[in-house]
Amino acid sequence: MGCCSGRCTLAFICGMQLVSVLERQVIDFLGYQWAPILTNFLHIIIVILGLFGTIQFRPRYVTGYAAWLVVWMTWNVFIICFYLEVGDLSRDSDLVLTFNLSMHRSWWMENGPGCRVTPITPPPSWAPEDHRYISISGCLMDFQFIEVAHSSLQILLALMGFIYACYVVKLISEEEDSFDFIGGFDSYGYQGPQKTSHLQLQPMYMSK
């Protein structure tokens, strides 16, 4: 019963992770955030493998999933520090999230709740022709805090997934050990006691 409950809970957590990371993947695609796109894609694959291992009683898959969650939590902590500009980090840097392939920022910068985008005309004389300059106002929440909230949710789900993954691996290992012990008698050809007869043949001697 405990194994079933733990596996069901872990499967539910994996499902929540898939839904949340797919939403995040779409947002990162819209913002051309290449580093998060690659990391999200890897996370999706490993969560699917972890879900498969949970359903099919494959402790190695669940163990790999748990190990990846440590890396995933570390990545999301870095994203939080990046958007909050902790230390020398700057969210205006193109190298960290876009590999200098584009000048795009978070999709929430222009599309956050209540944000009004106003093009600046005429653009500066030094501005490239394929770039536009805008003014953003009226946002109910700054984009960096929305990104921090997304990463915090991922950390919470990953922490729950890690705890339940360790629990499920422990239960599966205990069940396998119990099964091996019960079935171990068969390998030694164990047989139950046989019914003995009350009549036993006694040797007879003929006297001359």
Residues of segment 47-78 being of a type in the set (Val, Ile, Thr) and open to solvent by 30 Å² or more (accessible area, probe 1.4 Å), which ones?
Ile48, Ile55, Thr63, Val70, Val71, Thr74, Val77
Residue that is under 32 Å from the mean Cα position of the chain (by Cα), buried (at least 18 other Cβ atoms within 10 Å of the Cβ), modelled with pLDDT of 65 or more and at negative phi, where the choices are Ala149, Ala158
Ala158
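Residues are listed down the side, and each one gets a yes or a no for (1) more than 14 Å from Ala165 (Cα to Cα); (2) touching an Asp or Glu at 6+ places or on another chain (Cβ under 9 Å); (3) open to solvent by 30 Å² or more (accessible area, probe 1.4 Å); (4) of a type in the set (Val, Ile, Thr):
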{"residue": "Met16", "(1), (2), (3), (4)": "yes, no, yes, no"}
{"residue": "Gln25", "(1), (2), (3), (4)": "yes, no, no, no"}
{"residue": "Phe29", "(1), (2), (3), (4)": "yes, no, yes, no"}
{"residue": "Ile45", "(1), (2), (3), (4)": "yes, no, yes, yes"}
{"residue": "Gly87", "(1), (2), (3), (4)": "yes, no, yes, no"}
{"residue": "Arg91", "(1), (2), (3), (4)": "yes, yes, yes, no"}
Is it the case, given these coordinates, that Leu10 is open to solvent by less than 30 Å² (accessible area, probe 1.4 Å), touching a helix residue (DSSP H, G or I) at 6+ places or on another chain (Cβ under 7 Å) and either modelled with pLDDT of 90 or more or not polar (S, T, N, Q) (or both)?
yes
Go through segment 25-52 and count every residue that is over 13 Å from the mean Cα position of the chain (by Cα) and either in a helix (DSSP H, G or I) or at pLDDT 90 or above (or both).
11
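The values are calculated or read from the model by the stated rules, or taken from the named source; none is laboratory data. The structure displayed is predicted, hence computed values, not measured ones. Quick reminder, even Gly has a Cβ in these numbers, built from the backbone with ideal geometry, and neighbours come from all protein chains shown. Accessible surface is based on the protein model in full, side chains and every heavy atom, while ligands, DNA and RNA are left aside. Shrake-Rupley method; radii C 1.70, N 1.55, O 1.52, S 1.80 Å.
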